[in-house]
Amino acid sequence: MDRTLKINRKVNMLNRSQLIRAILISFIVVLTVTNTLSAQERKYERKSVSSLGSVLFKAQPNKEVLDVVLNRLKYHLEIPRFDYNTLSSNAVSEFVKEANTTDLTPEAIASSLNKTIIPKLEAAVSAAAEMRAKGNLKEEDLARAAVDKMKGSGLTVEDLMKVMNSAYLYLPVVSALEEENKEGMTTYSIEGYVLWYQMKKQKDGGYKAEIVGDSKSVKKGYGSGKNDQTYSLKTRSVDAALYSKVIAVNTWAKNLAVTMREIPAFRLSGEVKNAEGKMVEAGLGKKEGLGLDDGYNAIDFYENDNGEMETKELGFFRVFKVEDNLANPNGTSQFKQYFGEIVERGMILYERPKLGIDLTIQPKYFTVNVPRYATPVINYLTFAAIYASSVSGTVYGSYGSPEYLDALNGGHGFILSEDAASGFGVDINFNANMAKLTGVSQLFLNVDVAVGLPAASIDASALAGAKIAPLLVSGYIGPMKKFWFGRSNLNIEISGGVDMLRLQNTAASTYQFDNLSVISPGVKASIGYELLITSDLSIGINAGYKYGLSPILAKIKFKDDPKGEYDITSILSSGFFSGFNDVNFSGVSASIGVSYALPSLSFDPFAFLSSKEIDY
């Protein structure tokens, strides 16, 4: 009995020891995870940021450009996840003066900040921290005392209060602006970046401003418009000059917004509250600016061989349903898993910022009808006679026929030596996610540009003294819906647009054949299969059918001809030009390609649509 009691006591003592050891280990792990989560929060907390003045320009812009830049930066950068403040002009005047003597590169701006305003802010915040340690003063009293201690710095009490209550400082910089007016088009471009600083507390109790993330990355934006057209914004119509500025700056600001959201501290994150199958819930919503179809990675924490805590990506999710947590603070939004491991409660969803536009490149095979007689090599005098006879209705007998042109050139009057019934090319698609606008998940608007060559042999003898290749070019636009099952989807697209047969002589001299274009409208439908390889990259196959209509526009041009282009649309059914009426783009197509979720794009393929949402 005594021996059994002693053994039980030893076991109890051992269990207590193991329990205490387990508690200590758990406590250490919790501390380690807590430190790791200082960079990535379990629940995103709103950040307070202060602007270092307005916007810094390399060359002083006119008021219109300044207003457009401020309008677009405010829209794209001042998003719900932040609280914004702006420092007074007095506080940043020395910095602006110093920065304007540089070439405005990110390195030069950072150097100017570190020479001027940053040391003042560091000293002021450090002084406030020092006085806080000495007595129980309110934040406003601390700020006032610190400013009094640093008279002549240009800082006000309000400035210091903003910095003390902000974790971050930011400064937009425009390093290049260019406007070009050429051939009836206005083109505008802008380049620049946003510098982000974080005020970090040092071991000695002082504060230091450090550049955050890839905030020195220069982004670009381009916009253009035809001078003889007007364009619609959200509330008014504008000319090409203003439209090109608005689109360029809006595109630039959108790229900057993605770069900003990629900074780890600014990424939205939330703890998984519920998990069932491929659906999970987390405490994010409208309050944080959550959007339908936004991408998120599920992450978890583990201890490596060195006892250090690291993160592991478990899977990829998209927002499936957005909760209005302004009205319901305890509400949770739903996220749908596309691939990855099983995700459980307590794990973290971590934002994966992208532009919202996918680029798809697909080599393809297609059927088409391009008659040999629709690819002429014709000199100016022959064309002038044929054109005059066609317009006047004069009977020239066989003179205006394709056969005559062929005989005139010894049987080599056309670029193709045979009719083309098929071709090979490449589709370049820009797919804009429309979920936020329509409320329909995985609904896209596609802009499809394709270039191809007819599968027919070239008559080399017909190309003597010329460099001509028949190109088949198309542009289509329409909606596409994706239906997902796991990491795969079936997609359906319907679109309308135009196809063009283009002959271009790159070696033309004066009055030689320069180019010819025949344009036909059409509609097409396609069905495809797509497989996600990573969160941003996928491969897919497509099959489709296009119904092409008769040509609606045909033009021909000779080099340096003062008359410019000749419109031959109305006489396509007569004589020589009848070959063009037989061009038909109807047929089937098959393609295989890759798709990539873009982090930025210097031009906006959907400017005609995004302009309608710009309130300027």
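The values are calculated or read from the model by the stated rules, or taken from the named source; none is laboratory data. These figures come from a predicted structure and were not determined experimentally. Cβ placement follows ideal geometry from the backbone for every residue including glycine, while neighbour counts extend to all protein chains displayed. Side chains included, ligands, DNA and RNA excluded: accessible areas come from the protein's heavy atoms. Shrake-Rupley method; radii C 1.70, N 1.55, O 1.52, S 1.80 Å.
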Selected residue (criterion: nearest to Thr438 (Cα to Cα)) from residues of the stretch 287-309 that are open to solvent by 50 Å² or more (accessible area, probe 1.4 Å) and touching a residue at least 60 places away in the same chain (Cβ under 8 Å) | Lys287
Which residues, taken from the stretch 566-616, are β-branched (Val, Ile, Thr) and not in a helix (DSSP H, G or I)?
-> Ile568, Val583, Val588, Ile592, Val594, Ile614
Select from the stretch 497-529 the residues that are at pLDDT 95 or above and of a type in the set (D, E, K, R) and write down the one among them that is surrounded by the most Cβ atoms within 10 Å (Cβ to Cβ).
-> Asp499
Does Ile415 meet the test of being in contact with a Lys or Arg (Cβ under 9 Å, 6 or more places away or on another chain) and either closer than 30 Å to Ala597 by Cβ or touching a residue at least 60 places away in the same chain (Cβ under 8 Å) (or both)?
-> yes
Just checking, which of Leu472, Leu405 is crowded, with 21+ Cβ neighbours inside 10 Å, modelled with pLDDT of 90 or more and either out of contact with any strand residue (DSSP E or B) (no Cβ under 7 Å at 6 or more places or on another chain) or at negative phi (or both)?
-> Leu472
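Among the listed residues Arg372, Arg352, which satisfies the condition of being within 24 Å of the chain's Cα centre (by Cα) and either basic (Lys, Arg) or farther than 26 Å from Ser595 by Cα (or both)?
Arg352
Residues are listed down the side, and each one gets a yes or a no for (1) farther than 24 Å from Arg345 by Cα; (2) modelled with pLDDT of 80 or more; (3) open to solvent by 30 Å² or more (accessible area, probe 1.4 Å):
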site	(1), (2), (3)
Leu31	no, no, yes
Thr34	no, no, yes
Leu52	yes, no, no
Asn62	yes, yes, yes
Arg72	yes, yes, no
Thr86	yes, no, yes
Go through the stretch 439-490 residue by residue and tally those that are farther than 18 Å from Gly522 by Cα and of a type in the set (Asp, Glu).
-> 1
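Within the stretch 549-605, track down each residue that is hydrophobic (A, V, I, L, M, F, W, C) and farther than 21 Å from Thr375 by Cα.
Passing the criteria: Val588, Ala590, Ile592, Val594, Ala597, Leu598, Leu601, Phe603.
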Filtered residue count, the stretch 428-453, keeping only those that are out of contact with any Phe, Trp or Tyr (no Cβ under 9 Å at 6 or more places or on another chain), over 16 Å from Gly356 (Cα atoms) and in contact (Cβ under 8 Å) with a residue 40 or more places away in the chain = 1
Those residues of the stretch 422-460 which are over 33 Å from the mean Cα position of the chain (by Cα) and open to solvent by 70 Å² or more (accessible area, probe 1.4 Å), in sequence order = Ile458, Ala460
Give the stretch 546-564 a look and list any residue that's in a strand (DSSP E or B) and exposed (fewer than 15 other Cβ atoms within 10 Å of the Cβ), or say none.
-> Tyr547
Report whether or not Tyr296 is part of a strand (DSSP E or B), modelled with pLDDT of 90 or more and within 30 Å of Tyr222 (Cα to Cα).
-> yes
Which residue out of Val518, Val473 is touching a helix residue (DSSP H, G or I) at 6+ places or on another chain (Cβ under 6 Å) and assigned to a strand (DSSP E or B)?
-> Val518
Report those strands (runs of 3 or more DSSP E) wholly inside the stretch 185-270 carrying at least 2 residues which are within 30 Å of Glu288 (Cα to Cα) and open to solvent by 20 Å² or more (accessible area, probe 1.4 Å).
-> 185-201, 207-211, 219-226
